[in-house]
1. What is the one condition in (1) under 15 Å from residue A:82 (Cβ atoms); (2) buried (at least 19 other Cβ atoms within 10 Å of the Cβ); (3) not charged (D, E, K, R) that residue A:12 does not satisfy?
2. Taking residue A:133 and the conditions (1) within 14 Å of chain B (Cβ to nearest Cβ); (2) in contact with a Lys or Arg (Cβ under 9 Å, 6 or more places away or on another chain); (3) modelled with pLDDT of 90 or more; (4) part of a loop (DSSP other than H, G, I, E, B), which numbered condition does it fall short on, given that it satisfies the others?
3. Could you grab me the full set of residues in segment A:81-120 that are modelled with pLDDT of 85 or more and small (Gly, Ala, Ser)?
4. Pick from segment B:73-97 the residues that are surrounded by 17 or more Cβ atoms within 10 Å (Cβ to Cβ) and more than 13 Å from chain A (Cβ to nearest Cβ): which of them is farthest from residue B:34 (Cα to Cα)?
5. Is there a residue in segment B:10-20 that is buried (at least 20 other Cβ atoms within 10 Å of the Cβ), over 13 Å from the mean Cα position of the chain (by Cα) and within 14 Å of chain A (Cβ to nearest Cβ)?
6. Pairs please, first residue from segment A:32-45 and within 12 Å of residue A:12 (Cβ to Cβ), second anywhere and at pLDDT 90 or above and of a type in the set (Ser, Thr, Tyr), Cβ atoms under 6 Å, 6+ apart in sequence or on different chains.
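The values are calculated or read from the model by the stated rules, or taken from the named source; none is laboratory data. Owing to the predicted nature of the structure, the values given are computational and were not obtained by experimental measurement. Because the Cβ atoms are built from the backbone with ideal geometry, glycine has one as well, and the counts that use them run over all protein chains shown.
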Amino acid sequence: MITTSNNIDVFFETEITAELENIDKIDEKVATVLTLSKLKRITFVIRLLLREALLNAVLHGSKRNAKNKIKFKLFVEDSYVCLKVVDAGKGFNWHQQLLDSFKAVQGDVISKIGGRGLFLMKAYADEITYNQRGNSLLLKKSINL
Amino acid sequence: MNISVKTEGNKAIIFFEGNVVASIAEDVKNALNSILANDNIKNLEIDFSKVEIIDSVGIIIIIDCYNILQQKEGTIAIKNVNDNIKRVFSLMNLDAHFAIDSV
């Protein structure tokens with residue numbers, strides 16, 4: 001369910017199977033609500049963040065196995081839009097991957113190194129927090145209206 | 001995602017209508033690869049005027065095109081891109097490699 005009001009009470013929670021098409025469905029719902037809310041100005045950023053977070057969960061956390069479930073939650077807390085994505089995977093070495101993600105966009109030659117999704121999340125989110133295992137991600141974006 | 005193509009000499013002009021994201025990546029890759037398989041095509045111009053958002057998988061598709069065209073000694077140019085996507089390309093340092101023009 002998504003609700004909006006004048007004091008930016010935006011909330012959306014769902015559980016999806018690990019299929020790429022489900023990312024589009026969530027994005028479409030969230031985009032519709034944010035565009036009509038006071039958060040319109042940061043709609044693109046939230047959409048990009050949710051797409052990258054869910055993409056990692058589908059492709060890496062769930063190995064694109066549709067039997068695996070992914071939990072998604074969008075909410076506003078204090079002055080932040082928060083996105084929480086939890087997959088059932090074994091997690092990953094996010095410390096190293098976060099460090100390596102810069103290599104994907106450095107240098108004169110366009111690199112084939114992965115990590116662009118993490119790079120984008122770091123570039124656009126104000127806070128990025130993984131649990132120790134690496135299967136639960138919380139992204140925060142300042143509302144700053 | 002609808003993709004339409006027209007050719008002008010050795011240039012293919014491609015219109016994307018829809019988001020360049022993971023769920024349609026295979027279709028987009030197949031369409032672009034079939035265009036690039038034509039030896040006469042050395043340059044690509046991709047019109048982004050109907051694209052709202054791109055993700056990291058979509059970015060890799062564009063990079064793959066660029067790398068193939070480099071081997072053919074050709075170029076890629078992105079046209080009519082919105083400011084949000086232009087910033088994504090810029091953060092990825094892609095504007096250092098090929099032309100990215102705003103709406």
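1. (2)
2. Answer for residue A:133: the failing condition is (1).
3. A:88, A:89, A:91, A:117, listed by residue number.
4. B:79
5. The answer is no, given that none of the residues of segment B:10-20 is buried (at least 20 other Cβ atoms within 10 Å of the Cβ), over 13 Å from the mean Cα position of the chain (by Cα) and within 14 Å of chain A (Cβ to nearest Cβ).
6. So the pair list comes out as A:34/A:43.
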